[in-house]
1. State yes or no: is Ala236 in a helix (DSSP H, G or I), open to solvent by less than 10 Å² (accessible area, probe 1.4 Å), out of contact with any Asp or Glu (no Cβ under 6 Å at 6 or more places or on another chain) and not β-branched (Val, Ile, Thr)?
2. Over 19 Å from Cys224 (Cβ atoms) and in contact with a helix residue (DSSP H, G or I) (Cβ under 7 Å, 6 or more places away or on another chain): does that describe Asp46?
3. Could you please find all residues in segment 64-82 being surrounded by fewer than 23 Cβ atoms within 10 Å (Cβ to Cβ) and either part of a strand (DSSP E or B) or not β-branched (Val, Ile, Thr) (or both)?
4. List the residue pairs whose Cβ atoms are under 6 Å apart, where the first residue sits in segment 72-101 and is at positive phi and in contact (Cβ under 8 Å) with a residue 60 or more places away in the chain, the second is among the hydroxyl-bearing types (Ser, Thr, Tyr) and open to solvent by 20 Å² or more (accessible area, probe 1.4 Å), and the two are 6 or more positions apart or on different chains.
5. Ser100: crowded, with 23+ Cβ neighbours inside 10 Å and not charged (D, E, K, R), yes or no?
6. Sort out which residues of segment 98-137 are hydrophobic (A, V, I, L, M, F, W, C), under 19 Å from the mean Cα position of the chain (by Cα) and in a loop (DSSP other than H, G, I, E, B), and write them in order of number.
7. Taking Ala13, is it surrounded by fewer than 18 Cβ atoms within 10 Å (Cβ to Cβ) and under 30 Å from Arg165 (Cβ atoms)?
8. For segment 143-172, how many residues are open to solvent by 20 Å² or more (accessible area, probe 1.4 Å), more than 18 Å from Val93 (Cα to Cα) and in contact with a Ser or Thr (Cβ under 9 Å, 6 or more places away or on another chain)?
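The values are calculated or read from the model by the stated rules, or taken from the named source; none is laboratory data. These figures come from a predicted structure and were not determined experimentally. Please note: Cβ atoms are built from the backbone with ideal geometry, for glycine as well, and neighbour counts cover all protein chains shown. Note: areas computed on protein heavy atoms with side chains; ligands, DNA, RNA excluded. Shrake-Rupley method; radii C 1.70, N 1.55, O 1.52, S 1.80 Å.
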Amino acid sequence: MSSGLGISVRPPAVAGSFYPGAPAALRASVVSLMREAEHAPTHTIDHPKAIIVPHAGYIYSGAAAAAGFARLARDADTITRIVLLGPAHRAHVRGLAAPSTAAFSTPLGEIALDRAAIDALADLAYVTIDDHAHAHEHSLEVQLPFLQRILKRFTLVPLVVGAARDDQVATVIERLWGGPETRFVVSSDLSHYLPSDEARRIDAVTAGAIERLDPGPLTHDHACGRTPIAGLLATARRRALRIERLALCNSGDTAGPRDRVVGYGAWALG
């Protein structure tokens, strides 16, 4: 399937709602979140190949996301390509969907896509070109201002993951693995709309499974990005990567009520 919208640049869809829409305010928000993350305790995986980060509004999950991006920031001189995978929220997607556009934009500017890398996936029947899957999807977009802030110049491979098998995602990750210039960002929130105490219990189970590199017990109720997480964990097992937790909290801890929360976590793999 190929579904193009006839545009060369995918414009921001959630600027002004999930994150500030004005460039100066967005820049200040990201700088503040990153500054706080940079003062976090030292971790053992300082140069990760991949991170898992949440994708809610910045007032809710921005601090947890920044904890992951702070690890990538240490390799800003090396990283020139980001492969970004997140779950589909706004459209039905079979397999993985790539866009046809040349770039994505945010209030901070445009990011060129790595069309050659996307073309290299063309023989995989479960990877399609589908701009509709990307048009209103926030799970990828909210990560972009962080990347624009921490990296000097990079290209992007954005993939929305829908009804796909874990091994299909793992195959895509392996094909795009590259060297130290390429890093992976997997976007996922955890439990949704539970009381805070219950969410903490369930998110602890989810975190334990992720840290064992074992997505088997997890469903999409544990993590909306369960499928891209599972593909990454399969690759991590094959490549004997280590994993480290960087953050685990919920919206009741940050900016929301405690009776109906969303869980957030961040991990580094390397």
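1. Yes.
2. On the way: over 19 Å from Cys224 (Cβ atoms): yes; in contact with a helix residue (DSSP H, G or I) (Cβ under 7 Å, 6 or more places away or on another chain): yes.
So Asp46 fits the description; yes.
3. First pass over segment 64-82, keeping only residues surrounded by fewer than 23 Cβ atoms within 10 Å (Cβ to Cβ): 73-82.
Matches in segment 64-82: Ala73, Arg74, Asp75, Ala76, Asp77, Arg81, Ile82.
4. Gly95/Tyr126
5. Values: crowded, with 23+ Cβ neighbours inside 10 Å: no; not charged (D, E, K, R): yes.
Answer is no for this residue.
6. Listed by number, the list holds a single entry, Leu108.
7. Values: surrounded by fewer than 18 Cβ atoms within 10 Å (Cβ to Cβ): yes; under 30 Å from Arg165 (Cβ atoms): yes.
Yes, satisfied.
8. The number of residues fulfilling the criteria is 5.
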